[in-house]
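Have a look at the structure below before the remarks.
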Amino acid sequence: LIGLGMLLTSPVLGWVGFVNGVLAVFNMLPGTPLDGGRVLRAWRWSRTGDKYRAARDAGNAGRVLGWGMVGVGVAMMLNGMPGIFIGLTGLFVALNARAEIGASLIGEQLRGVTVGDLTWFGIAHAGTDMDADSMIWQRQRLGDAGVVAVEGDDGELDGLVLEEQLWAIPTERRAMVMLTQLMVPFNKLAKASPDEELASVLPRLDPLRPVVTVWRGDDLLGVVPPARLRDRLMQAQRNVRPV
């Protein structure tokens, strides 16, 4: 029985090994977002000294690779062969490569802009006994930061509440909703130092909570307000040519 089992599983194992080998080779093709694209980007960065140009080079290679696969897939289907998977994979590669190029162009527009340049230093604190209605009445404490840090009973800061979260609660319920119920823990928010380049922080942003917390060691210095961040990104996007 053991011998029969080995005989039956050997072709399966061989096929699995073959498929894994094909995927490994495919993943090393030189184009974003594949691992080979990362290798190409690192090589171009070392040659040009410009990480944004290197990212665009890898992205353009990915676009050529992706659309080439789309073409192969379509040609296979027109000839009665199963090419839809190749075509869809190529489309995925091409679209992700395009997004990488766009991100590099925006990053280039943000070159030299640090987190500290957009930081609102000093933010309001509130205790665990603060409700949403009371916080809205004290709106002036939030300033343009648009956030309040929730301080636990132990004196440590536990997380942030965005002003837009407060206004999203129906008026009749605000007095019953505590800040602790709305609070987003700091480990779920983008974290940066004031000297860090803004472009390097963008991949860490949560699109649903586009706020950057700014720290010096374990001390919370302030935040990059969502509105201020959106305005700066829109300004960068206006200066980017279509890709």
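The values are calculated or read from the model by the stated rules, or taken from the named source; none is laboratory data. Values in this document were obtained by computation on a predicted structure and should not be read as measured data. In this analysis, Cβ positions are derived from the backbone assuming ideal geometry, glycine residues included, and neighbour counts consider all displayed protein chains. SASA here: full protein model, heavy atoms, side chains in, ligands and nucleic acids out. Shrake-Rupley method; radii C 1.70, N 1.55, O 1.52, S 1.80 Å.
So what is the 222 nm mean residue ellipticity for the chain from helices alone, if each DSSP H run of at least 4 adds -39500 (n - 2.57) and you divide by all residues, rounding to the nearest 500 deg cm²/dmol?
After summing the helix terms and dividing by the residues of the chain, the value is -17000 deg cm²/dmol.
Along the Cα→Cβ direction, 7 angstrom out, place labels at residue 124 and residue 23. What is the inter-label distance in nm?
Those two pseudo-labels are separated by 5.1 nm.
Of the beta bridges DSSP finds with both residues in segment 147-221, what % are antiparallel, to the nearest 5?
Antiparallel: roughly 75 percent of the beta bridges in segment 147-221.
How high is the FRET efficiency between residue 219 and residue 134 when r is their beta carbon distance and R₀ equals 25 Å, given to the nearest 0.05?
Computed FRET efficiency for residue 219 and residue 134 comes out at 0.40.
Go ahead and run the numbers for FRET between residue 156 and residue 77, Cβ-Cβ distance against an R0 of 45 Å, rounding to 0.05.
So the FRET efficiency works out to roughly 0.15.
Once you place label points 7 Å from the Cα toward the Cβ at residue 187 and residue 239, how far apart are they in nm?
3.8
Taking 0.36 nm per residue of separation and subtracting the Cα-Cα distance, what length does fully extending residue 175 through residue 67 add?
Once the chain is fully extended between residue 175 and residue 67, it gains 33.3 nm.
Size of the dipole of the chain about the Cα centre, Lys and Arg at +1 and Asp and Glu at -1 on the beta carbon, nothing else charged, in debye to 20?
Values: 24 positive and 25 negative charges, 311 e Å.
Dipole magnitude for the chain comes out near 1500 debye.
When the chain is fully extended, how far beyond the present Cα-Cα distance does residue 200 get from residue 141, taking 0.36 nm per residue of separation?
18.2 nm
Taking the Cα atoms only, what angle lies between the long axis of helix 2-27 and the longest principal axis of the chain, rounded to 10 degrees?
Taking Cα atoms only, the helix is inclined about 70 degrees.
Averaged per residue, what accessible surface does the chain expose to a 1.4 Å probe, in Å²?
58
Tell me, what % of the accessible area of segment 24-128 is carbon and sulfur with a 1.4 angstrom probe?
66
Express as a percent, rounded to the nearest 5, the fraction of DSSP beta bridges in the chain (both residues included) that run antiparallel.
70
How tilted is helix 226-238 with respect to the longest principal axis of the chain? Cα atoms for both, answer in degrees (0 to 90, nearest 10).
With both axes taken from Cα atoms, the answer is about 50 degrees.
Ignoring ligands, DNA and RNA, what percent of the accessible area of segment 176-229 is carbon or sulfur (1.4 Å)?
Numbers: 1440 of 2680 Å².
Roughly 54 percent, rounded to a whole number.
Could you check how many percent of all C-alpha pairs in segment 49-121 are farther apart than 22 Å?
43
Please give the Cα centre distance for segment 157-212 versus segment 56-133, rounded to the nearest Å.
Rounded to whole Å, the Cα centres lie 23 Å apart.
For segment 107-243, restrict the atom set to alpha-carbon positions and state the Rg and Dmax in Å.
Reported Rg and Dmax, both Å: 15.7, 51.
Here are labelled values, (i) 1.47; (ii) 1.15; (iii) 1.01, and one is the computed Rg/Rh (Cα atoms, Kirkwood Rh) for what I pasted. Which one?
It is the value labelled (ii).
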